[in-house]
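J.: Got a structure for you, written out below as structure tokens; questions coming shortly.
Just so you know, all these numbers are worked out from the coordinates, no wet-lab data involved. Since this is a predicted model, take the numbers as computed values, not measurements.
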Amino acid sequence: MRLLIMGPQGVGKGTQAKLIAEHYGIPHISTGDIFRYNMKNETPLGLEAKSYTDKGQLVPDELTNKIVKDRLAMDDAKNGWILDGYPRNASQVEALDKMLEELGTPLDKAVALDADRDTLLARIAKRSAEEGRADDNAEAIAQRLKTYDEQTAPLLDVYKKRSCLVSIDGEGDIDKISQKIFDALD
């Protein structure tokens, strides 16, 4: 099974992606994890990404696309994957479509999680307190949610038009949300 998991910051994408990956025996592929792995191991792509992040800049789509394509081509992803944090904009959707065509691996579903803003903000505040994430400050959160609303949320219509969007209410108990996802996918 080849899946995307989408939704705003704090909706539980990472948590649910791990559970989905475990349930279906597929790798959870997080773009953040890919960047960290490539930078830590000083791969050519990682060194190039680090040249941007060291300056506080976003990694350009072209490089992000290369890193994702490289990861999707690895042996453990041959029988499926769940992609978390990508695509984030229309350009990345086009790039992903091209990658999947080249790899001969079509997308099965895009799982979209949603929750109201108060729930998102409460979850992010809790995560910040538990994990001490520096990027979970009020200004950064507001910017990430704005970016999601402007660039990523419109992508849900793309996948809806392709009849592969599965919309799930991301509020409530983690296990109940997972069960809703499994029920929708099975």
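J.: So what's segment 57-133 giving for Cα Rg divided by 2.2 N^0.38 Å, two decimals? Numbers along the way, then the final one.
T.: Details: Rg = 15.6 Å, N = 77, 2.2 N^0.38 = 11.5 Å.
Here the Cα radius of gyration is 1.36 times the empirical estimate.
J.: Continuing with this model, one more query. Cross-link partners among lysines for Lys126, C-alpha distance below 25 Å, same-chain residues fewer than 8 apart left out?
T.: Lys13, Lys18, Lys146, Lys176, Lys180
J.: Let me ask you something else. Provide the gained length on full extension for the span Ala129 to Lys55, in nm with one decimal, where the gain is 0.36 nm per separating residue minus the Cα-Cα distance. Don't jump to the answer; show the numbers that get you there.
T.: On the way: separation 74, 0.36 × 74 = 26.64 nm, distance 2.67 nm.
Full extension from Ala129 to Lys55 adds 24.0 nm.
J.: Right, next: Just report the Cα centroid separation between segment 67-114 and segment 142-173, whole Å.
T.: If you average the Cα positions of each part, the centres end up 16 Å apart.
J.: Which three extents, in whole angstrom, do the alpha-carbon atoms of segment 93-157 cover along their principal axes, largest first?
T.: Here the spans come out as 43, 23, 18 Å, largest first.
J.: Which three numbers, in whole Å and largest first, are the semi-axes of the equivalent ellipsoid of the chain derived from its Cα gyration tensor as √(5λ)? Walk me through the numbers on the way to the answer.
T.: Working: eigenvalues 109, 99, 50 Å².
In descending order the semi-axes read 23, 22, 16 Å.
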